[in-house]
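What follows is one structure encoded as structure tokens, with my remarks underneath.
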């Protein structure tokens, strides 16, 4: 870390919010600019409800930048207290990955703007920039991403499968981020979703979507009709035969990639943080690339 740096050297304001991208989970993959900005802040808040760093790496980072306080969803989504603090202090809000990518904090920027609080962004490496190249799929062939959620209190979302179906219909790969909050409240007790959890959640979603499909009516709306056709095609292919790539702890020293069928997903242990990719139409190079991980 460069010694003797001042806020002026990094073009930092004296007061306000800095959204600091922490990268995927290692101090070495966090930019030097981001580390220096966190060190020069008066307060550091670690947003810990959408993704987590390993505790040992967080401890190492704290040794470099100073004490870090964990905050959860309420402090970020209703950021009044945080922004009041930022009116007279420089506050680093530290976010795993990139603050404006898969974990988006644009709303915090907008709240800051409404209150006249300066908000600066220090970008970080995101899973969205790591994953496609790491597993050998073309970044140009990814469609909309989605998050596979836990069944909250008996409520089962089908939107993740709808996204996968739409992407498959268009020949596009799908990045599926896995939930880490069984409560859905974002207030603590995080439990990163394991491959077995993902299997169980997806199976429940699949069964619910099969029930929904029985009530499909022919639609005059072109987009709705395409959505229904995409869902029916996915259901016809069968959940167990769906090809998936399990990616664990990407960007960390113990990262792991496994290409398998969904039917075998629960057999794998995974890692600390997991995500899935559902490939669509594979090019020749992509097919060979994925075979490395079978």
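The values are calculated or read from the model by the stated rules, or taken from the named source; none is laboratory data. This structure is a prediction, so every number in the text was calculated from the model and none was measured. Note that we place each Cβ from the backbone using ideal geometry, even for glycine, and neighbour counts take in every protein chain shown.
Summary table
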quantity	calculated
Answer from 158, 146 - the residue that is in contact with a strand residue (DSSP E or B) (Cβ under 8 Å, 6 or more places away or on another chain) and in the same structural domain as residue 133 (by TED's automatic domain parsing)	146
Residue 263, sole failed condition from (1) part of a loop (DSSP other than H, G, I, E, B); (2) surrounded by fewer than 17 Cβ atoms within 10 Å (Cβ to Cβ)	(1)
Failed item in (1) surrounded by fewer than 19 Cβ atoms within 10 Å (Cβ to Cβ); (2) touching a strand residue (DSSP E or B) at 6+ places or on another chain (Cβ under 6 Å); (3) within 25 Å of residue 230 (Cβ to Cβ), with residue 163 passing the rest	(1)
Qualifying residue in the range 44-54 (condition: over 23 Å from the mean Cα position of the chain (by Cα) and surrounded by fewer than 19 Cβ atoms within 10 Å (Cβ to Cβ))	no
Residues (touching a strand residue (DSSP E or B) at 6+ places or on another chain (Cβ under 7 Å) and surrounded by fewer than 16 Cβ atoms within 10 Å (Cβ to Cβ)) located in the range 228-254	240, 241, 243
In the range 180-233, the residues that are more than 19 Å from residue 264 (Cα to Cα), touching a residue at least 60 places away in the same chain (Cβ under 8 Å) and not in a helix (DSSP H, G or I)	180, 181, 185, 186, 187, 188, 190, 192
Residue match in the range 99-114 (condition: buried (at least 22 other Cβ atoms within 10 Å of the Cβ), in the same structural domain as residue 41 (by TED's automatic domain parsing) and assigned to a loop (DSSP other than H, G, I, E, B))	yes
Breaking point among (1) surrounded by 14 or more Cβ atoms within 10 Å (Cβ to Cβ); (2) modelled with pLDDT under 95, for residue 185	(1)
Filter result for the condition that a residue is more than 28 Å from residue 10 (Cβ to Cβ), at pLDDT 95 or above and surrounded by 19 or more Cβ atoms within 10 Å (Cβ to Cβ), over 83, 137, 131, 61	137
Residue match in the range 211-234 (condition: at pLDDT 90 or above and within 21 Å of the chain's Cα centre (by Cα))	no
Odd one out for residue 66, checked against (1) crowded, with 17+ Cβ neighbours inside 10 Å; (2) touching a strand residue (DSSP E or B) at 6+ places or on another chain (Cβ under 8 Å)	(1)
